[in-house]
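The values are calculated or read from the model by the stated rules, or taken from the named source; none is laboratory data. Only a predicted model underlies this, so the values are computations on that prediction, with no experimental measurement involved. Quick reminder, even Gly has a Cβ in these numbers, built from the backbone with ideal geometry, and neighbours come from all protein chains shown. Accessible surface is based on the protein model in full, side chains and every heavy atom, while ligands, DNA and RNA are left aside. Shrake-Rupley method; radii C 1.70, N 1.55, O 1.52, S 1.80 Å.
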Amino acid sequence: MAKTETVNLVDTFAEFKELKSIDRSTLISILEESFRSVIAKMYGSDENYDVIINPDKGDCEIWRTRIVVDDDELEDENTQISLSEAKKIDADYEVGEEVVDAVNFLSFGRRAVLNLRQTLASKILEIQKDGLYTKYADLVGQIVTGEVYQVWKKEVLLLDDDGNEMLLPKTEQIPRDFYRKGDSVRAVVLKVDNKNNNPKIYLSRTSPMFLERLFELEVPEIHDGLITIKKVVRIPGERAKVAVESFDDRIDPVGACVGMKGARIHGIVRELKNENIDVVNYTSNMSLLITRALNPAKVQTIEMDDENKRANVFLKPEDISLAIGKNGNNIKLATMLTGYTIDVFRNDAEIDEEDIYIEEFNDEIDSWIIDVLKGIGCDTAKSVLNIPREELIRRTDLEEETVDEVLRILKSEFEQ
């Protein structure tokens, strides 16, 4: 009866380990430790016990070693056996000899069996958590794929192939991301917390590392080390800039990353919900890097202040709005990529002598409207008038009546 129950214990947890991806040898080790733990709790020590797990047979043997003592000197029945009891086992036993006998675990009682199950389950769970933490700690910065299990307001719960939970916080989602249960999602492992031995895996789709890993997947030259990514900066879902450098003069790093007719970069753009990606050829010449970072604007001259990491960039009037970009994204990313604070200015040589700086209209046009116009690169009256009405409305996001009033004021100045 004892052996049958013990076999059932082994089989039960052998099935459990299949679900938890714990190998059999580890399970056997845990099982032995669990038996010893229960014995130690009952008797204060397990030193005089041998626990033998037979994985091939699927059974367990427990052997206890006791020292033979005179009947009147018996003090601890766990470590000692009286001479009269020993002789019942074998008449040749004498005082001082060791008696080794098999122990029926069920003789320890029902509580011992329950304690064994609880201890074993606890140790298996601990091993599983340690394994999960170790696995994902090694994957930080790498792309993983998960299936959406539940969508909450502040985060999305994903499951990996083994059923492990991963969290994608709202702050790490691209603004245009939308998920339903069952969707497959790719993201980079951002961090793994292990507070109170309870690992939590956090993912990100907004991290620059996610974009870098996507390039490694799509561009073989990056994966092979022929091209290196020097820096990635992003405004998730809007625009990104990637500085790349080639170790082989025969390879054009920008062309290799973009691919024939944009074939390589299109997949990345789709993954990032149509995020615009500018690939920039890296150089240690900071003036040249700033020029490249402000693409598609054409820089005419630059005044560098390397000590304070500032740069004054002078452009033609039509290039100022290109340098600034929609919502100022282009110049923000150029600043992030180069580490320099960049200010753009209209090249004085390009200013029409009859033109008027828009600040001079502050008695007729509200200052906040002037700031909006300057934000799209229009710092003079004629630069505003040269933009078609519909485009001006679109680029400034101002009310039609407001734009019409601004145009009326500016036009009247030149009509006079």
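Peptides 111-122, 287-298, 70-81, ordered by how many other C-beta atoms sit within 10 Å of their residues on average, highest first, read 287-298, 111-122, 70-81. Qualifying GluC sites (Glu not before Pro) in the stretch 271-313, where qualification requires a DSSP coil assignment and no more than 11 other C-beta atoms within 10 Å, comprise GLU307. Scanning residues 5 or more positions from LYS191 or on other chains, those with amide H under 5 Å from its amide H are TYR202, with H placed 1.01 Å from N in the peptide plane. Please check the chain for the longest run free of chymotrypsin sites (Phe, Trp or Tyr not before Pro) that are loop-located per DSSP (anything but H, G, I, E, B) and have at most 13 other Cβ atoms within 10 Å. Between the exposed loop sites, the longest stretch runs 248-416.
Could you please state how large a percent of the accessible area of the stretch 31-106 is carbon and sulfur, counting protein chains only and using a 1.4 Å probe? Exposed carbon and sulfur together represent 43 percent of the surface.
Note: relative contact order over the chain, using C-alpha pairs below 8 Å and six or more positions apart, is 7 percent. Taking amide H positions as modeled 1.01 Å from N, with prolines and chain starts lacking one, the residues under 5 Å from GLN80 and 5 or more places away or on another chain are ILE67.
Here the chain carries DSSP beta bridges of which approximately 75% are antiparallel, counting only pairs with both residues inside. Solvent-accessible area per residue in the stretch 339-416 equals 61 Å², computed with a 1.4 angstrom probe and all protein chains kept. Just the protein heavy atoms count here, and of the accessible area of the stretch 197-301 at 1.4 Å, carbon and sulfur take up 47 percent.
Of the two radii for the stretch 304-416, the radius of gyration is 1.00 times the Kirkwood radius, both from the alpha carbons; that is the Rg over Rh value. With the simple model of a label 7 Å out from the Cα in the direction of the Cβ, ARG24 to TRP63 spans 2.3 nm. Remark: C-alpha extents of the stretch 126-232 on the principal axes read 42, 34, 22 Å, sorted largest to smallest.
Available extension along the chain between ALA40 and ASP343 is 101.7 nm, counting 0.36 nm per residue and deducting the alpha carbon span. Cross-link reach is defined here as a Cα-Cα straight distance under 18 Å, omitting same-chain residues fewer than 8 places apart; for LYS298 the lysines meeting it are LYS241, LYS316, LYS326, LYS332. Taken along the Cα-to-beta-carbon direction at a fixed 7 Å, the label points for ALA91 and ARG180 span 8.5 nm. The slack in the chain from VAL140 to LYS170, taken as 0.36 nm per residue of separation less the alpha-carbon distance, amounts to 8.9 nm.
Stretching the chain fully between VAL113 and LEU74 yields a gain of 11.2 nm (0.36 nm per residue, less the alpha carbon separation). On the beta carbon distance between GLU364 and VAL151, with R0 = 51 Å, the FRET formula returns roughly 0.50. Here is the tail figure for the stretch 58-108: Cα pairs spaced more than 15 Å apart come to 45 percent of all pairs. A Förster radius of 51 Å, combined with the Cβ-Cβ distance separating SER284 from ILE52, puts the computed FRET efficiency at roughly 0.15. Over the chain, the hull volume per residue, using the convex hull of the C-alpha atoms, is 261 Å³. Annotation note: trypsin sites (Lys or Arg not before Pro) in the stretch 197-287 located in DSSP loop regions with a Cβ neighbour count of at most 16 within 10 Å are ARG250, LYS273.
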